[in-house]
Amino acid sequence: VQRKLDLLKKNTHNTANSLLESSALELAAKVDAKISNGETIGVLEGIPFGIKDVYMLQGTYTTASSNLLKHYKSAYTATAIQKLLDAGAIPIVKENCDSFGHGSSSENTIFGAVKNAINPELVGGGSSGGSAVNVAKDYTIFSIGGDTGGSIRQPAGYNKIYGLKPTYGRISRYGLMAYASSTDCVGPLAKSIEDIRIVLNVMSGKDAKDQTSIESESISEETIANTNTVKTIGYFKNFIENDAIDTQIKNDFLASIEKIKAKGIEVKALDFFKSDILVSTYYTLAMAETASNLSRLDGTNYGNRIESENLKETYAVTRSENFSEETKRRIVGGNQVLSQGFSDEIYLKGLALRDQISENFNKDFEEVDIIISPVTPSTPPKIGDSLKDPLAMYLSDAYTVGFSLGQLPTLTIPQGTSTGIQITAAKNNDAHVLQFANFLK
Ligand code: GLN
């Protein structure tokens with residue numbers, strides 16, 4: 001714990017407001033005492049981990065990397081984090097991320113851009129960028145990210161580690177600051193499939209405090225280690241055959257397909273929605289949901305209040321001074337698609353498309369056991385570039401957002417020189433995802 005804290009102190013880019021030094025050292029001393037007394041210890045006892053700064057951990061700052069919540073301290077602890085504490089894991093840092101999860105580069109933050117673990121001139125990815133880089137650099141053993149449209153899987157890919165977005169609802173969202181509630185997922189980033197499995201098991205389960213949470217079975221070590229049960233996999237043709245995909249990413253992906261075929265597995269090319277439809281459906285719904293979720297941050301109950309002449313002015317000034325440009329873009333966009341005169345035309349169309357996308361997945365999983373895809377069409381941009389071109393940033397989410405809309409379990413695994421591949425299974429088949437990833441290793 002001390003060694004990791006020292007590393008984090010020297011490399012502050014991945015840290016939000018708080019390094020949890022004193023509480024971490026106290027917890028570590030308790031574990032030491034237990035061990036010297038010969039007591040049995042929990043599965044994660046003494047393991048130092050990081051938390052994306054969108055999770056409540058009682059008594060710590062939870063800023064969402066935003067100016068608005070810069071001084072906000074959590075009044076309670078998120079269910080997923082509490083389960084990790086109960087298993088003995090030690091939180092050592094609240095991690096830098098895109099403000100409120102809004103972004104794909106971890107540059108939309110008041111704590112400065114997160115630098116890529118492999119090439120520090122490039123972005124760390126986002127929005128769970130600090131979490132991915134901490135794991136990649138061995139500053140934490142694992143980190144807890146949040147994935148609404150790719151925010152665990154994409155930074156995992158950019159930093160060549162593992163990152164899982166479980167089936168929606170498998171882990172309670174209670175105490176996760178809501179971005180888009182219908183796709184928000186809690187998930188782990190780590191350096192091995194085994195670590196992902198252990199942390200997933202600890203956090204999973206139905207929670208009375210989150211009505212969308214679901215019961216699930218623990219995934220055993222044997223289930224993952226067993227010989228492969230996957231007979232047929234599919235990939236989306238249009239994800240590979242288009243002008244936008246980077247050549248190296250395409251070649252690495254095609255090499256993976258060949259490797260899978262050589263293992264005797266049948267590979268099918270599948271039809272899917274075009275990238276621009278996926279991106280616009282996702283952003284329509286995500287912006288609508290975030291406009292609604294963030295409406296409570298007006299400086300009255302929460303937030304960095306800026307007093308003005310009257311209440312209405314106070315709301316307006318607090319919000320316009322404290323939210324970032326990217327967050328404001330989303331609130332304005334979201335309120336527009338929900339407004340009278342627009343909602344039928346845009347929001348309801350988004351919902352209808354989402355149903356069609358889910359239908360498409362259901363049909364696909366009648367034919368194949370697993371879908372694989374690249375994580376991103378492009379390689380990580382240089383720090384500074386994404387901020388100049390938000391539309392290009394949205395389009396870089398083309399391969400992750402579909403699985404979010406479908407609420408499917410998807411794991412990023414590192415691959416060759418590019419940005420990783422995603423392994424996806426039908427809803428609640430998280431075990432299959434981990435098993436197939438292990439088989440591909
Ligand atoms: N980049 C996507 C967005 O900005 C996904 C973010 C996320 O998963 N939190 O919406």
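General remarks:
Each row is one residue, and each column tells you yes or no for (1) modelled with pLDDT of 95 or more; (2) over 24 Å from residue 195 (Cα atoms); (3) in contact with a Ser or Thr (Cβ under 9 Å, 6 or more places away or on another chain); (4) exposed (fewer than 15 other Cβ atoms within 10 Å of the Cβ).
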{"residue": "3", "(1), (2), (3), (4)": "yes, no, no, yes"}
{"residue": "19", "(1), (2), (3), (4)": "no, no, yes, no"}
{"residue": "28", "(1), (2), (3), (4)": "yes, no, no, no"}
{"residue": "45", "(1), (2), (3), (4)": "yes, no, no, no"}
{"residue": "57", "(1), (2), (3), (4)": "yes, no, yes, no"}
{"residue": "69", "(1), (2), (3), (4)": "yes, yes, yes, no"}
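- Within segment 121-159, the set of residues being touching a Phe, Trp or Tyr at 6+ places or on another chain (Cβ under 9 Å), closer than 19 Å to residue 172 by Cα and assigned to a loop (DSSP other than H, G, I, E, B) comprises 148, 149, 150, 151.
- Single residue of 271, 243 found to be touching a strand residue (DSSP E or B) at 6+ places or on another chain (Cβ under 8 Å) and exposed (fewer than 13 other Cβ atoms within 10 Å of the Cβ): 271
- Which numbered condition residue 294 misses (of (1) assigned to a helix (DSSP H, G or I); (2) at pLDDT below 95; (3) within 27 Å of the chain's Cα centre (by Cα)): (2)
- Any hit, segment 38-53, residues being touching an Asp or Glu at 6+ places or on another chain (Cβ under 9 Å), in a loop (DSSP other than H, G, I, E, B) and within 17 Å of residue 12 (Cα to Cα): yes
Yes or no, residue by residue, for (1) at pLDDT below 95; (2) buried (at least 24 other Cβ atoms within 10 Å of the Cβ); (3) within 12 Å of the ligand (Cβ to nearest atom); (4) under 13 Å from the mean Cα position of the chain (by Cα):
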| residue | (1), (2), (3), (4) |
| --- | --- |
| 131 | no, yes, yes, yes |
| 140 | no, yes, no, no |
| 148 | no, yes, yes, yes |
| 154 | no, yes, yes, yes |
| 157 | no, yes, no, yes |
| 165 | no, yes, yes, yes |
| 172 | no, yes, no, no |
| 179 | no, yes, yes, yes |
| 187 | no, yes, yes, yes |
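- Of the residues making up segment 12-28, those that are more than 13 Å from residue 134 (Cα to Cα), polar (S, T, N, Q) and in a helix (DSSP H, G or I) are 22, 23.
- Residue list for segment 111-126, restricted to those being on the phi < 0 side of the Ramachandran plot and in contact (Cβ under 8 Å) with a residue 60 or more places away in the chain: 111, 113, 114, 115, 116, 119, 121, 122, 123, 124
The values are calculated or read from the model by the stated rules, or taken from the named source; none is laboratory data. Here the structure is a predicted model, which means the values were calculated and not measured. Cβ atoms come from the backbone with ideal geometry, glycine included; neighbour counts cover every protein chain shown.
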